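Trainee: One structure coming up, written as structure tokens, with questions to follow.
The values are calculated or read from the model by the stated rules, or taken from the named source; none is laboratory data. Note that the structure is a prediction, hence the values are computed from the model and not measured. FYI the Cβ positions are ideal-geometry reconstructions off the backbone, even for glycines, and counts take in every protein chain you see.
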Amino acid sequence: MRLRTLSMLMTVLMVGGMVARVRAQGGAQEQHGASVSKVVRLNRAPVSKEILQVKLPRPVVSKLPNGLTLLVLEQHKLPTVAFYLWIESGAMTDPKDMPGLASFTADMLREGTTHRSSSQMASDIDNMGATLTAFAQFGSNTTQISASGLAPDADRILDLLSDALRNPTFPQDELDKYKKRQLANLEQQRSQPGFLAQERFREALYRTFPAAVASATPDSVNRATPADLKAFHDHYYAPNNAILGVAGDVQPDAIKELVIKYLGEWKNRPLEKEVSSELPRAAPFKILLVDRPGSVQTNIIAGDYGARRVDADYVPLMVMNRVLGGGPQARLFLNLREVHGYTYGAYSRVGDDKYREAWVANTEVRTPVTDGSMHELMNEFNRIRSEKIPDAELDEARHAIVASFALSLEQPQTLLRYWMLVQSYGLPQDYWDRYPVQVAQMGQDAVQAAARKYVDLDHLQVVCVGDRKQIEDVLKKYGPVEVYDADGKRLE
């Protein structure tokens, strides 16, 4: 089946599965216990009951003599090319006394090489109208480097990517400028309630596991030296620790020759098999209050360990999440916004990393309705666990997931990422072919079992960022409360 036909079909499915119209009925909307049943779902759009069967275009996969895995996916709609390099080491491998080192190293790749200064690198990229980015996100064990532009410039783009990857010099003057920017960013993010909530949640959930770290520190920024960055680069940036994906208007044999030209001499090295720490046991339920005096809203995050992409219950967890908080048609949004008017939005999400990334729900509400919002969040968590999802609502969620997947196949970069995940995670080669069928056939019992396992009310970690004077007594109604200031210091 052609992708364009798939997209049209899935668009119909998605439209049919979404809420056609939402109305909040009834009287006082700030009463505890108001039911989402007051929201009327008209569901008048036609919905196809056929299960999507698809065989995704396969990339050409090869391994270079130096150990680099290469995936090439041909897409000839546009005269463009994109390169995606994943180094299988990132922020999760930061030294304990130097949080942010992987991020510093990635960010500085463009700031000077043995062949180009920082300004020359920027000029060469701009002259082609190309892009070159690198980052190592906190909570991830991958450093990602990407470059894109017009397909006729593939040779020059790969030259730039190779130079930044293999020959960075981490010049002191550029590092000094970078440190000033980073210190300013760290100070600014301390004023952001969303960051404060994420920081406290990660630490509460993961504790001794590397994913507990949400940010660099002023100390780690100040102490970082070119030698530190070079040591991290030299240890982890190796072809036998990397996957390179290429998507666009290219021929596999020709692009492989280019890759060999620029990366064939990239030397591999033996990598120590570092033993990552085990996830700590789930902590008992608690509420962590981050005091933000004078705040007019409360940022709420609640969650627990989720599932890994390779786990058998990942798909039922994802379907459950779609029903609970996966968008504006989901229960949290309909309840907290449409029925009660507490917030502009309420959502939940699941990660898909190699470790058990968090399942988490979040919302930002007006301070006076913190009590009502906590009440309705806990009600919805209880309901998704205790009641089987009605057939129509479950069907709507499954259609929406499959439709979103089908539409994503129109993007070569997204399709390539799917196949890079297969290589990186060791997934079956037919994983994505079977994926829409798995979703479409997911039943009530499996989804409820996922809810009971992962929406674990005995081990939920709840973070509220807001004005302590106004919300502390309210929060104590729901469980034990620990109080912190905006710098992360626990207050008695």
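Trainee: Which of (1) surrounded by fewer than 18 Cβ atoms within 10 Å (Cβ to Cβ); (2) hydroxyl-bearing (Ser, Thr, Tyr); (3) at pLDDT 95 or above does Ser348 not meet, given it meets every other one?
Mentor: (1)
Trainee: Follow-up question, since we're still on this one. Does the range 383-413 hold any residues that are at pLDDT below 95, touching a Leu at 6+ places or on another chain (Cβ under 9 Å) and not in a helix (DSSP H, G or I), and which are they?
Mentor: Once the filter is applied, which keeps residues that are at pLDDT below 95, touching a Leu at 6+ places or on another chain (Cβ under 9 Å) and not in a helix (DSSP H, G or I), the range 383-413 yields Leu409, Glu410.
Trainee: Still on this structure, I have one more. Consider Val437 carefully, then state whether it is among the β-branched types (Val, Ile, Thr), assigned to a helix (DSSP H, G or I) and either exposed (fewer than 15 other Cβ atoms within 10 Å of the Cβ) or modelled with pLDDT under 95 (or both).
Mentor: Taking the combined requirement at face value, the residue satisfies it.
Trainee: In this structure, is Glu380 of a type outside the set (A, V, I, L, M, F, W, C) and part of a helix (DSSP H, G or I)?
Mentor: For Glu380, the condition - of a type outside the set (A, V, I, L, M, F, W, C) and part of a helix (DSSP H, G or I) - is met.
Trainee: Among the residues of the range 198-232, what is the count of those that are surrounded by fewer than 17 Cβ atoms within 10 Å (Cβ to Cβ) and in a loop (DSSP other than H, G, I, E, B)?
Mentor: 4
Trainee: Also, I was wondering about something else. Kindly establish whether Gly341 is within 18 Å of the chain's Cα centre (by Cα), surrounded by fewer than 20 Cβ atoms within 10 Å (Cβ to Cβ), in the same structural domain as Gly466 (by TED's automatic domain parsing) and assigned to a loop (DSSP other than H, G, I, E, B).
Mentor: It is false that Gly341 is within 18 Å of the chain's Cα centre (by Cα), surrounded by fewer than 20 Cβ atoms within 10 Å (Cβ to Cβ), in the same structural domain as Gly466 (by TED's automatic domain parsing) and assigned to a loop (DSSP other than H, G, I, E, B).
Trainee: In the range 170-196, how many are in a helix (DSSP H, G or I) and surrounded by 14 or more Cβ atoms within 10 Å (Cβ to Cβ)?
Mentor: Residues that pass the stated criteria total 11.
Trainee: Answer with yes or no whether Gly372 is out of contact with any Gly (no Cβ under 6 Å at 6 or more places or on another chain) and part of a loop (DSSP other than H, G, I, E, B).
Mentor: no
Residues are listed down the side, and each one gets a yes or a no for (1) of a type outside the set (Ser, Thr, Tyr); (2) closer than 29 Å to Asn141 by Cα; (3) within 22 Å of the chain's Cα centre (by Cα); (4) not assigned by TED's automatic domain parsing to the domain that holds Ser140:
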| position | (1), (2), (3), (4) |
| --- | --- |
| Ala397 | yes, no, yes, yes |
| Trp419 | yes, yes, yes, yes |
| Val437 | yes, no, no, yes |
| Gln441 | yes, no, no, yes |
| Gln448 | yes, no, no, yes |
| Gln461 | yes, yes, yes, yes |
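Trainee: Tell me yes or no: at least one residue of the range 251-267 is buried (at least 19 other Cβ atoms within 10 Å of the Cβ), outside the structural domain of Val481 (by TED's automatic domain parsing) and within 28 Å of the chain's Cα centre (by Cα).
Mentor: No, the range 251-267 has no match at all.
Trainee: Got a sec? Which of Val250, Val259 is part of a loop (DSSP other than H, G, I, E, B), in contact with a strand residue (DSSP E or B) (Cβ under 9 Å, 6 or more places away or on another chain) and touching a residue at least 12 places away in the same chain (Cβ under 8 Å)?
Mentor: Val250 is the lone residue from the list that is part of a loop (DSSP other than H, G, I, E, B), in contact with a strand residue (DSSP E or B) (Cβ under 9 Å, 6 or more places away or on another chain) and touching a residue at least 12 places away in the same chain (Cβ under 8 Å).
Trainee: Another question about this same structure. From the residues in the range 334-359 that are hydrophobic (A, V, I, L, M, F, W, C) and out of contact with any Phe, Trp or Tyr (no Cβ under 7 Å at 6 or more places or on another chain), which one is farthest from Leu196 (Cα to Cα)?
Mentor: Val339
Trainee: Right, next: Using beta carbons and a limit of 9 Å, which pairs, at least six apart or on different chains, have the first residue in the range 55-73 and not assigned by TED's automatic domain parsing to the domain that holds Glu257 and modelled with pLDDT under 95 and the second one among the polar types (S, T, N, Q) and surrounded by fewer than 18 Cβ atoms within 10 Å (Cβ to Cβ)?
Mentor: Filtered contacts from the range 55-73: Arg58/Gln429.
Trainee: On the basis of being in contact with a Leu (Cβ under 9 Å, 6 or more places away or on another chain), assigned by TED's automatic domain parsing to the domain that holds Asp473, of a type outside the set (A, V, I, L, M) and at pLDDT below 95, does Arg331 make the cut?
Mentor: Against the criterion (in contact with a Leu (Cβ under 9 Å, 6 or more places away or on another chain), assigned by TED's automatic domain parsing to the domain that holds Asp473, of a type outside the set (A, V, I, L, M) and at pLDDT below 95), Arg331 does not qualify.
Trainee: Among what's in the range 344-355 and is in contact with a helix residue (DSSP H, G or I) (Cβ under 9 Å, 6 or more places away or on another chain) and part of a loop (DSSP other than H, G, I, E, B), pick the residue that is farthest from Leu427 (Cα to Cα).
Mentor: Tyr355
Trainee: I would also like to ask the following. One residue is enough: does the range 113-131 have a residue meeting the conditions crowded, with 22+ Cβ neighbours inside 10 Å, at pLDDT 95 or above and not in a strand (DSSP E or B)?
Mentor: No, every residue in the range 113-131 fails to be crowded, with 22+ Cβ neighbours inside 10 Å, at pLDDT 95 or above and not in a strand (DSSP E or B).
Trainee: Can you confirm whether the range 62-77 contains a residue that is assigned to a strand (DSSP E or B), hydroxyl-bearing (Ser, Thr, Tyr) and in contact with a Leu (Cβ under 6 Å, 6 or more places away or on another chain)?
Mentor: Yes - at least one qualifying residue is present in the range 62-77.
Trainee: If you take the residues of the range 268-315 that are surrounded by 14 or more Cβ atoms within 10 Å (Cβ to Cβ) and of a type in the set (Asp, Glu), which of them is nearest to Gly426 (Cα to Cα)?
Mentor: Residue satisfying both the conditions and the ranking: Asp313.
Trainee: Just to be sure, is Glu357 modelled with pLDDT of 95 or more and under 30 Å from Asp445 (Cβ atoms)?
Mentor: When the stated conditions are applied, Glu357 does not pass them.
Trainee: Any residue in the range 447-464 that is free of Cβ contacts under 8 Å to residues at least 60 places away in the same chain, in contact with a helix residue (DSSP H, G or I) (Cβ under 6 Å, 6 or more places away or on another chain) and among the hydroxyl-bearing types (Ser, Thr, Tyr)?
Mentor: no
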